[in-house]
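**Student:** Shown below is the structure under consideration.
The values are calculated or read from the model by the stated rules, or taken from the named source; none is laboratory data. Every value quoted in this text rests on a predicted model; they were computed, and no experiment measured them. Glycine gets a Cβ as well: all are built from the backbone with ideal geometry, and neighbour counts include every protein chain shown.
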Amino acid sequence: REQGLAGSKLLNVRANPGTVGLGFGDGERSAALTADFSPAPDTAVLACGTALGGEEVVGWGAPSTTTVPAALSKSKMVPDDHILAELVSLRKVAESRRECPHDAHPCLAPTAGPHSSTAYWKLAALDAALTLSSSPADLTMTVAPELATQGGIVQALDLSLTGSGAAEYIATALGGDWCCWPLKAALGAAPREGRYDEEKVRCSNTLERLLTTEGRLRRNSFALVIGDLDGEPEEGALRAEYNASYRRRLLWELLTGLSCLAEGGTFVLRLGDTLTMFSMSLLYLLHRSFRHLCLFAPFASCPASNERFAVCLGAHPTPEALLAHLRTALEINNAITDAGEPGSRALGELLPVGELLNAPHFYQYVAGRTQLLAERQTRHLRYLRCETTGELCGAGVE
């Protein structure tokens, strides 16, 4: 069947076993878990009833900082403490062994192939999962031709600093109807060592310079903005969410996306765990800034990792107060790094906790999906431990 953005281009994964390094080969060992090409847990979306207004944002005040806990043992996003405790234990073991090879049943995460970047396959899997033409809002990632076009060409923006897989997917799978601008092209040549300084790039001053002085990015002119899909999932014993560089990436990509997207556009953001109030508040901003939010893991994400994606469809007009709020949050987060406190202090939630807890449909959606993804990761980590040690997996592994 047709695959969303790709139109008539098919992502024929079942007809190509053992190819392109996606782990579709049959393999010789038996598996207690089976390879699954469906999104996890599914592609159910959360609809936004009321778009975020500028006065509401002003009433929140500036974000604050918080103390980083020694360990994250409880979360409102995973009500079952037993699941979280087992996940912490299994992640510690997996971290020391780096167990998942990404090329063995049941993992479908891409490792190699004709395309240079895993981001290519991640975007392809996201696009395939969101072919929802039977839904009332026709929630495909395909944007109406009249939206954010130049000469009939739909404009996309890839925010990766390391690879170009997302831009490659758009160029090869979509053909001449789309044009994808890599952020690297706007930034200019990388330093001699070949890597951009993320701290210098992902700051509000750089974004403003790109949007104004140099004019390499245009406000409200892109139909699709894709966050950096090339990096590795942020692991750790459930503490990586407090990492200042991780939060800087999320904040900067959200600020850039909301600044550059045309009304009705689509935004893709790669996340790690969604266990803290910071992550919950960031997802709430996405929920209120788009008509629909979908939080899930595509088959191209390793099921033993914490990687997941927020795909946001139908951008609302963004109030300037929200952009200013995100710039302030980004500056506070960067100041923590400058002060040498990233291990002890972290940016707190982006809005008052009461606002989050007074949105029951949002909370139920995010908490429900976070718990299901935690259960899925636990099953796969348990399976990998059994494969490595020869232990019996027991009834817990399906």
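**Student:** Specify the residue that is farthest from Asp127 (Cα to Cα); the eligible residues are those in region 263-274 that are in contact (Cβ under 8 Å) with a residue 40 or more places away in the chain and surrounded by fewer than 23 Cβ atoms within 10 Å (Cβ to Cβ).
**Tutor:** Restricting to residues being in contact (Cβ under 8 Å) with a residue 40 or more places away in the chain and surrounded by fewer than 23 Cβ atoms within 10 Å (Cβ to Cβ), the top hit is Glu263.
**Student:** Assuming Trp60 fulfils every condition listed in (1) at pLDDT 90 or above; (2) exposed (fewer than 13 other Cβ atoms within 10 Å of the Cβ); (3) over 24 Å from the mean Cα position of the chain (by Cα); (4) in a loop (DSSP other than H, G, I, E, B) apart from one, which condition is it?
**Tutor:** It is condition (2) that Trp60 fails.
**Student:** Can you tell me how many residues within region 210-245 are at pLDDT 85 or above and either among the charged types (D, E, K, R) or buried (at least 20 other Cβ atoms within 10 Å of the Cβ) (or both)?
**Tutor:** Here the count works out to 13.
**Student:** For Leu269, indicate whether it is assigned to a strand (DSSP E or B) and hydrophobic (A, V, I, L, M, F, W, C).
**Tutor:** It is true that Leu269 is assigned to a strand (DSSP E or B) and hydrophobic (A, V, I, L, M, F, W, C).
**Student:** Inside region 276-379, counting only helices (runs of 4 or more DSSP H) that do not spill past its ends, which hold 2 or more residues that are crowded, with 23+ Cβ neighbours inside 10 Å?
**Tutor:** 277-289, 320-338
**Student:** If you check every pair at least six apart or on different chains, which have Cβ atoms under 6 Å apart with a residue in region 313-325 that is within 21 Å of Pro352 (Cβ to Cβ) first and a residue that is outside any loop (DSSP other than H, G, I, E, B) and hydrophobic (A, V, I, L, M, F, W, C) second?
**Tutor:** Going by the 6 Å Cβ cut-off, the qualifying pairs are Thr318/Leu258; Ala321/Val57; Ala321/Val58; Leu322/Val57; His325/Val57.
**Student:** Can you name the number of the only condition in (1) over 13 Å from the mean Cα position of the chain (by Cα); (2) modelled with pLDDT under 95 that Leu258 fails?
**Tutor:** So Leu258 meets the others, but not (2).
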